[in-house]
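Peer 1: Sharing a structure with you now.
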Amino acid sequence: MKKYLVIGNPIEHSMSPQIHNYWIKKNNLSATYEKEKLTAEGLKNLIFKIREKEIHGINVTVPFKKEIISYTDNLTPEAEKTKSVNTIFLNKNKIIGHNTDIEGFERSIYDCQFDITNKEILILGAGGVVPSIVLALNKMKASKIMISNRTKDKAEELKDLFEKLTILNWGDIPNFDMIINATSVGLKNSDEIGLDFSKINKNKFFYDVIYNPNETNFLKNAKKHGNKTENGKKMFIYQAAASFKIWHGIEPQINNDIINVLS
Ligand code: ATR
């Protein structure tokens, strides 16, 4: 029986076990996938269980995506460029850190049939997932990527990874084609990010990385004002699918059942 884990702190909310266990069952694999809440202390011991083959793969979530890097032997180019790891596996006795959030975001955008080429994108937030989104947007040839974060210094730090970012003051609303909420504002139903829609024209694309709740106030208000919207559910499913493929060598089926697992 192979053992897989998602680790983070907090971890209660994680829906990765539901999705991976669904695919494990569908494919008749002899494996388990569980969630484990960790402290920074526990991180090191756990990673070494990968080398001992006690654990066969790990998904990493907030707040360890960066910290975990020091316990890996090698990073894939995606993890290296974003300094962010969400998937761990063993290859030729080396502990490899990889990032499937990039692929997750990219495939979710293709599903929306929104062409990023030459588009101006505004990202709200500068947390763990933002480097992956920026790399994906660069790959998809966005013409301009602007970042606005409540703590401006954290947005400025992203320039160490990506030179061409435009950093804005929190609350500034420039012209954009697509706006992405990558903050944690919206996780509670009552959360309001406080966008001034009088400054935003119609027919923009509003994307929220949050998928639970299904529709944040950010998306609800955007829809009311005549904009296209999408939540982060597909991104989450596709990042999980990419990890699954690495660990089991199987492309898992993505269908309505899997979307319902997360509803
Ligand atoms: P981490 O910062 O540990 O990577 P995260 O969940 O990935 O955690 O990121 C949280 C993001 O939501 C950050 O961009 C955070 O802004 P700060 O850098 O200023 O903390 C943003 N955020 C959280 N609460 C917010 C709020 N009430 N208003 C605006 N932004 C908020």
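Peer 1: Return only the number of the condition from (1) within 24 Å of Ser243 (Cβ to Cβ); (2) basic (Lys, Arg); (3) loosely packed, with under 15 Cβ neighbours inside 10 Å that Lys199 does not satisfy.
Peer 2: (1)
Peer 1: Considering only residues that are more than 19 Å from Leu158 (Cβ to Cβ) and either touching a residue at least 12 places away in the same chain (Cβ under 8 Å) or not polar (S, T, N, Q) (or both), which ones fall in segment 105-118? Write out each step before concluding.
Peer 2: As a first pass, look at segment 105-118 and keep what is more than 19 Å from Leu158 (Cβ to Cβ): 107-115, 117-118.
Residues satisfying the conditions are Arg107, Ser108, Ile109, Tyr110, Asp111, Cys112, Phe114, Asp115, Thr117, Asn118.
Every residue, every condition in (1) under 25 Å from Gly194 (Cα atoms); (2) touching a residue at least 12 places away in the same chain (Cβ under 8 Å); (3) under 19 Å from the mean Cα position of the chain (by Cα); (4) surrounded by fewer than 18 Cβ atoms within 10 Å (Cβ to Cβ), yes or no:
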residue: Lys83; (1), (2), (3), (4): no, yes, yes, yes
residue: Asp101; (1), (2), (3), (4): no, yes, yes, no
residue: Leu122; (1), (2), (3), (4): yes, yes, yes, no
residue: Lys164; (1), (2), (3), (4): no, yes, no, yes
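Peer 1: Next question. Hey, does segment 78-89 have a residue that's modelled with pLDDT of 95 or more, more than 22 Å from Ala155 (Cα to Cα), in a loop (DSSP other than H, G, I, E, B) and not small (Gly, Ala, Ser)? Reasoning before the result, please.
Peer 2: Quick first cut of segment 78-89, residues modelled with pLDDT of 95 or more only: 78-89.
Retained after the next criterion (residues that are more than 22 Å from Ala155 (Cα to Cα)): 87-89.
From what's left, in a loop (DSSP other than H, G, I, E, B): none.
No, because not a single residue in segment 78-89 is modelled with pLDDT of 95 or more, more than 22 Å from Ala155 (Cα to Cα), in a loop (DSSP other than H, G, I, E, B) and not small (Gly, Ala, Ser).
Peer 1: Would segment 43-54 turn up any residue that is of a type outside the set (Val, Ile, Thr), out of contact with any Cys (no Cβ under 8 Å at 6 or more places or on another chain) and in contact (Cβ under 8 Å) with a residue 60 or more places away in the chain?
Peer 2: First, the residues of segment 43-54 that are of a type outside the set (Val, Ile, Thr): 43-46, 48-49, 51-54.
Now drop any that are not out of contact with any Cys (no Cβ under 8 Å at 6 or more places or on another chain), which leaves 43-46, 48-49, 51-54.
Filter once more, so that each one left must be in contact (Cβ under 8 Å) with a residue 60 or more places away in the chain: none.
Within segment 43-54, none of the residues are of a type outside the set (Val, Ile, Thr), out of contact with any Cys (no Cβ under 8 Å at 6 or more places or on another chain) and in contact (Cβ under 8 Å) with a residue 60 or more places away in the chain.
Peer 1: Only one of Lys159, Lys92, Lys154, Lys139 is open to solvent by 10 Å² or more (accessible area, probe 1.4 Å) and within 11 Å of the ligand (Cβ to nearest atom). Can you tell me which? Let's see the steps before the verdict.
Peer 2: Values: Lys159 fails: within 11 Å of the ligand (Cβ to nearest atom); Lys92 fails: within 11 Å of the ligand (Cβ to nearest atom); Lys139 fails: within 11 Å of the ligand (Cβ to nearest atom).
Exactly one residue qualifies, and that residue is Lys154.
Peer 1: Identify, please: which residue in segment 174-189 is within 15 Å of the ligand (Cβ to nearest atom) and assigned to a loop (DSSP other than H, G, I, E, B) and is, among those, nearest to the chain's Cα centre (by Cα)? Lay out the reasoning, then the answer.
Peer 2: Step one: filter segment 174-189 for residues within 15 Å of the ligand (Cβ to nearest atom), giving 179-189.
Imposing the further condition that a residue be assigned to a loop (DSSP other than H, G, I, E, B) reduces the set to 182-189.
Numbers: Ala182: 9, Thr183: 12, Ser184: 12, Val185: 15, Gly186: 15, Leu187: 15, Lys188: 18, Asn189: 20 Å.
Checking each candidate, the answer is Ala182.
Peer 1: Does segment 247-263 hold any residues that are surrounded by fewer than 17 Cβ atoms within 10 Å (Cβ to Cβ) and in contact with a strand residue (DSSP E or B) (Cβ under 7 Å, 6 or more places away or on another chain), and which are they?
Peer 2: Result: no residue meets the conditions.
Peer 1: Could you identify the single residue in Asn175, Asn221 that is under 20 Å from Asp115 (Cα atoms) and in contact with an Asp or Glu (Cβ under 9 Å, 6 or more places away or on another chain)?
Peer 2: The unique qualifying residue is Asn175.
Peer 1: Asn74 - would you say it is open to solvent by 10 Å² or more (accessible area, probe 1.4 Å) and without any contact (Cβ under 8 Å) to a residue 40 or more places away in the chain?
Peer 2: Criteria met by Asn74.
Peer 1: Let me ask another. Would segment 204-217 turn up any residue that is within 18 Å of Gly104 (Cβ to Cβ), open to solvent by 50 Å² or more (accessible area, probe 1.4 Å) and within 16 Å of the ligand (Cβ to nearest atom)? Talk me through it step by step, then tell me what you get.
Peer 2: First pass over segment 204-217, keeping only residues within 18 Å of Gly104 (Cβ to Cβ): 205, 207-212, 214.
Remaining after also requiring open to solvent by 50 Å² or more (accessible area, probe 1.4 Å): 212, 214.
The next check asks that each one be within 16 Å of the ligand (Cβ to nearest atom); those that pass are 212.
Yes: one or more hits.
Peer 1: Return the pairs, sorted by first residue and then second, in which the second residue is in a helix (DSSP H, G or I) and among the hydrophobic types (A, V, I, L, M, F, W, C), the first residue lies in segment 128-145 and is within 14 Å of Glu156 (Cα to Cα) and at pLDDT 95 or above, the beta carbons are less than 8 Å apart, and the residues are 6+ apart or on different chains.
Peer 2: These pairs meet every condition: Val130/Leu158; Pro131/Leu158; Val134/Leu158; Ile145/Val134; Ile145/Leu137.
Peer 1: For segment 40-63, name all the residues that are open to solvent by 80 Å² or more (accessible area, probe 1.4 Å) and within 16 Å of the ligand (Cβ to nearest atom).
Peer 2: Listed by number, the list holds a single entry, Val62.
Peer 1: Hey, another quick one. Give the residue that is farthest from the chain's Cα centre (by Cα), with candidates limited to residues of segment 103-117 that are open to solvent by 30 Å² or more (accessible area, probe 1.4 Å) and under 10 Å from Ala242 (Cβ atoms). Talk me through it step by step, then tell me what you get.
Peer 2: We begin by selecting, within segment 103-117, every residue open to solvent by 30 Å² or more (accessible area, probe 1.4 Å); these are 103, 107, 110-111, 113-115, 117.
Still in the running and under 10 Å from Ala242 (Cβ atoms): 103, 107.
Working: Glu103: 9, Arg107: 12 Å.
Here the residue is Arg107.
The values are calculated or read from the model by the stated rules, or taken from the named source; none is laboratory data. These numbers were taken from a predicted model, which means no experiment stands behind them. Using ideal geometry, Cβ is built from the backbone for each residue, glycine included, and neighbour counts are taken over all protein chains shown. Each accessible area value is taken on the protein alone, full model and side chains, heavy atoms only, with ligands, DNA and RNA left out. Shrake-Rupley method; radii C 1.70, N 1.55, O 1.52, S 1.80 Å.
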